[in-house]
């Protein structure tokens with residue numbers, strides 16, 4: 001809580017993509033754990049409650065869905081199609097790049113579901129034979145990376161429509177990307193919430209299939 005409070009104040013002051021609270025808070029916590037020589041097992045005695053609350057926290061995203069329900073009904077098919085493509089690219093890129101780099105199978109199984117929210121990714125990784133904590137790390141990397149670089153990517157490729165912003169954030173960087181895009185455009189944030197939900201379904205189906213096909 002202390003680390004996140006500091007990170008939030010920094011983000012409110014500077015408002016840059018690289019000052020997203022989750023990134024700053026993570027750096028502060030990692031530095032603190034290393035300096036104090038606190039092991040992962042000791043940290044997780046308290047941190048496990050954060051894991052348990054991740055699932056219920058996602059439910060809070062239902063509110064913007066309700067606010068923009070009329071718009072979302074009209075755009076349901078484009079959102080679903082875009083999210084499906086995003087999910088397929090996300091899984092394929094993770095699996096193929098780690099395979100070509102010569103990583104062990106357990107790494108491939110852990111990185112495959114990186115583009116969905118942490119509770120789902122951990123379960124999917126475990127079901128495929130991966131390592132749950134490692135899957136959570138890959139999810140954080142994907143989320144933080146999306147939150148930082150999405151603004152730059154959208155400017156370079158001139159992506160300004162809320163559907164493009166929302167689908168890109170929701171399918172590539174889940175809740176962290178959704179929170180970031182919601183700061184910019186509430187409508188895009190709602191679309192990102194839907195895309196994140198669709199992505200959970202698509203990734204759950206495609207992950208074992210892609211591992212079987214490519215590995």
- Rounded to the nearest Å, the spacing of the alpha-carbon centers of region 81-148 and region 163-215 is 13 Å
- So residue 77 and residue 152, fully extended at 0.36 nm per residue minus their Cα-Cα distance, gain in nm 24.3 nm
- In nm, what is the difference between 0.36 nm times the number of residues separating residue 1 and residue 41 and their Cα-Cα distance? 12.5 nm
- Query: Over the Cα atoms of region 57-214, what is the Rg over Rh ratio if Rh follows Kirkwood?
  - Reply: 0.98
- Note on the structure: One finds, for residue 69 and residue 49 with R0 = 41 angstrom and r their Cβ-Cβ distance, a FRET efficiency to the nearest 0.05 of 0.80
- Note on the structure: Fewest to most Cβ atoms within 10 Å: 122, 1, 34 sort as 1, 34, 122
- Want the number for residue 205 to residue 26: 0.36 nm per residue separation, take away the alpha-carbon distance, what's left? 61.4 nm
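In what sequence do 5, 70, 98, 200 fall when counting other Cβ within 10 Å, fewest first?
Working: 5 11, 70 7, 98 20, 200 23.
Arranged by neighbour count, lowest to highest, 5, 70, 98, 200 become 70, 5, 98, 200.
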- Message: Taking the beta-carbon count within 10 Å as an exposure proxy, list 180, 158 from fewest neighbours to most.
- Response: 158, 180
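No value in this document is a laboratory result; all are computed from the given coordinates. Please read all numbers here as calculations on a predicted model, not as lab measurements. With ideal geometry, Cβ positions are generated from the backbone for all residues, glycine too; neighbour counts draw on all protein chains shown.
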